[in-house]
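Coordinate-derived values only; no laboratory data. Quick caveat: nothing in here was measured; it's all calculated off a predicted structure.
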Amino acid sequence: MNRVLYLLIGGGVAAMAAFAFFQQRDIGKMSSADVLAGVAFCAVLAAAACTLIYTPLGRKWRLRHDQKEMDEDDRTRVNARTKGEVRPPLGS
């Protein structure tokens, strides 16, 4: 689920950067459209995060993600015991 939230945040930042390129070259002035666009991106991001956290579909995705992580961890432990494979460091 964190990847989805990171994707939403990255998409919001990319959209705001793209929006900035299509604005006038006057850097000193902020129009109401700029403020509205910023508020809209934040609202969409918050709504997506709440949807992923509080809806049954979001919970289902979270449980599926957690189960995949547990399965992968179990598979790594079994391979370490049977095949002698060393687990890679967590930061890599």
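Below is a table of values for the structure above.
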| item | result |
| --- | --- |
| Whichever lysines have a C-alpha closer than 27 Å to that of LYS83, once near sequence neighbours (fewer than 8 apart) are set aside | LYS68 |
| Compactness of the chain as Cα Rg over 2.2 N^0.38 Å, two decimals | 1.69 |
| In degrees, nearest ten, helix 56-82 long axis to first principal axis of the chain (Cα) | 40 degrees |
